[in-house]
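Here the structure comes first, spelled out in structure tokens, and everything after it is commentary.
The values are calculated or read from the model by the stated rules, or taken from the named source; none is laboratory data. As the structure is a prediction and not an experimental result, all values here were calculated from the model. Glycine also receives a Cβ, built like all others from the backbone with ideal geometry; neighbour counts cover every protein chain displayed.
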Amino acid sequence: MSLSNRKVAKTVQCTLLVKTARRTQLVDITREVARAVGESGVQDGLCHLFVPHTTAGLTINEGDDPAVALDIETTLDRLAPREAGYRHAEGNADAHVKSTLVGVSQTVGIEGGRLQLGRWQAIFLCEFDGPRQREVRLRIVPDPPT
Amino acid sequence: MSLSNRKVAKTVQCTLLVKTARRTQLVDITREVARAVGESGVQDGLCHLFVPHTTAGLTINEGDDPAVALDIETTLDRLAPREAGYRHAEGNADAHVKSTLVGVSQTVGIEGGRLQLGRWQAIFLCEFDGPRQREVRLRIVPDPPT
Amino acid sequence: MSLSNRKVAKTVQCTLLVKTARRTQLVDITREVARAVGESGVQDGLCHLFVPHTTAGLTINEGDDPAVALDIETTLDRLAPREAGYRHAEGNADAHVKSTLVGVSQTVGIEGGRLQLGRWQAIFLCEFDGPRQREVRLRIVPDPPT
């Protein structure tokens, strides 16, 4: 290996903007994340995703049958109903609770420039207090050089 | 320090195969993960674990008393019952919901070649639609060189 | 750039000690985490947070109105009540369940030496079996050099 041929990838960060249409809604963002990973030039490493919001989240689940996302939305609405005697006065306490149950970040491996998702897995932005425009921050980190 | 003595670890990835025996079951995989970390040669860094499945998950909880895992299984079955008017027609919508509640990845520190778990912590593959054979993908990333 | 001017950050780990006052309590630790990141010298990278406990967790949610944390506490207590026929005999099975629902780790980006939290986000240690003294382990990892 000659040094001049060695390509050293660097960490890339970028932000995806996602428009949501309903109050509680899982939006499949896999294609956008995969594109960002492809454009980053990172061949092997990790992709860290983060939503800087307190009434949204990120999950990885089945993207093939849209009914799965609907069932997740419905169940979360049942576990944290919109009205349940909450103290937070803005009318979206349930959305904050759902954000904590689902979580605001995900980390996915990258091999050969591709996200290492399972066959049925898709990445979803989880909107819990929409409709809004949301941000998903990506940090695409190559494996350390040896 | 002479350069020739310097050992630079590289990122190691591997896959564990886990057979599950029940529909909802937490399987302790701590020993297998610790062995992979030990064999990786990584002294200090992070171990990222990921299940490429949509009806399984990963959690870290008490491994000493097996009743804790049973209580987690029972509570998740109560929060997302097998039948609840789901739209997904494959009869495992509850398993997808549980996967989102628990999450599909974990990240654990490595110091001196050892997983930095707390005294009572164990790593569990969470089966929600078993019995099956499942994969757990590990990415063992050394701290960047300085 | 001369080599002598090049500052290469290294991975820093440290442990925060957090005293909790109630059985179920979200404690805002954002200031302590931000201070540790600032002192680490890491300009760009990721901060990994981990609680080595099985009856505690970590979440990121709104820190401005304390009522949000209370609503999260109350909802988790409703989803996993203290008494629910659990098998674990120590009387804190609900706390173990809550730990799995919330999770024991978080990962947050660092840019320009600062935690990249959203405007309303705060980092909370989640106590589920207090009062106790808890540990939060930080691993502050700079982006790999290029």
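Is it true that residue C:75 is modelled with pLDDT of 95 or more and either more than 30 Å from residue A:85 (Cα to Cα) or surrounded by fewer than 21 Cβ atoms within 10 Å (Cβ to Cβ) (or both)?
When the stated conditions are applied, residue C:75 does not pass them.
Looking at (1) within 19 Å of residue A:63 (Cβ to Cβ); (2) hydrophobic (A, V, I, L, M, F, W, C); (3) not in a loop (DSSP other than H, G, I, E, B), which one does residue B:110 not meet, given that it meets all the others?
Only one criterion is unmet by residue B:110, namely (1).
Can you tell which of A:76, A:101, A:58 is out of contact with any Cys (no Cβ under 6 Å at 6 or more places or on another chain), within 12 Å of chain C (Cβ to nearest Cβ), in contact (Cβ under 8 Å) with a residue 12 or more places away in the chain and over 22 Å from residue A:19 (Cβ atoms)?
A:101
Search region C:124-146 for residues being assigned to a loop (DSSP other than H, G, I, E, B), within 14 Å of chain A (Cβ to nearest Cβ) and in contact with a strand residue (DSSP E or B) (Cβ under 8 Å, 6 or more places away or on another chain), and hand back the single one that is nearest to residue C:53 (Cα to Cα).
Ranking the qualifying residues of region C:124-146, first place goes to C:128.
Among (1) modelled with pLDDT under 95; (2) among the acidic types (Asp, Glu); (3) closer than 26 Å to residue A:136 by Cβ, where does residue C:44 come up short?
(1)
Scan region B:108-123 and report the pairs whose first residue is within 17 Å of residue B:28 (Cα to Cα) and more than 9 Å from every other protein chain (Cβ to nearest Cβ) and whose second residue is assigned to a loop (DSSP other than H, G, I, E, B) and aliphatic (A, V, I, L, M), with Cβ atoms within less than 9 Å and a gap of 6+ or a chain change.
The qualifying pairs are B:123/B:29; B:123/B:117.
With A:88, A:48 as the choices, which residue is at the interface with another protein chain (Cβ under 7 Å from one of its Cβ atoms), within 18 Å of residue C:107 (Cβ to Cβ) and outside any helix (DSSP H, G or I)?
Only one candidate passes the filter, namely A:48.
Scan region A:25-35 residue by residue and report those that are part of a helix (DSSP H, G or I) and touching a Cys at 6+ places or on another chain (Cβ under 6 Å).
Listed by number, the list is empty, since nothing qualifies.
Could you count how many residues in region A:54-85 are touching a Lys or Arg at 6+ places or on another chain (Cβ under 6 Å) and assigned to a loop (DSSP other than H, G, I, E, B)?
Going through region A:54-85 one residue at a time, the tally reaches 1.
Could you run through region C:51-70 and say how many residues are surrounded by 23 or more Cβ atoms within 10 Å (Cβ to Cβ) and more than 24 Å from residue A:107 (Cα to Cα)?
Counting residues in region C:51-70 that are surrounded by 23 or more Cβ atoms within 10 Å (Cβ to Cβ) and more than 24 Å from residue A:107 (Cα to Cα) gives 2.
When you scan region B:20-35, do you find a residue that is of a type outside the set (Lys, Arg), under 27 Å from residue A:63 (Cα atoms), facing another protein chain (nearest Cβ under 7 Å) and under 15 Å from the mean Cα position of the chain (by Cα), even just one?
no
Among the residues of region A:36-44, are any among the charged types (D, E, K, R) and either part of a loop (DSSP other than H, G, I, E, B) or over 19 Å from residue A:130 (Cα atoms) (or both)?
Yes, the conditions are met somewhere in region A:36-44.
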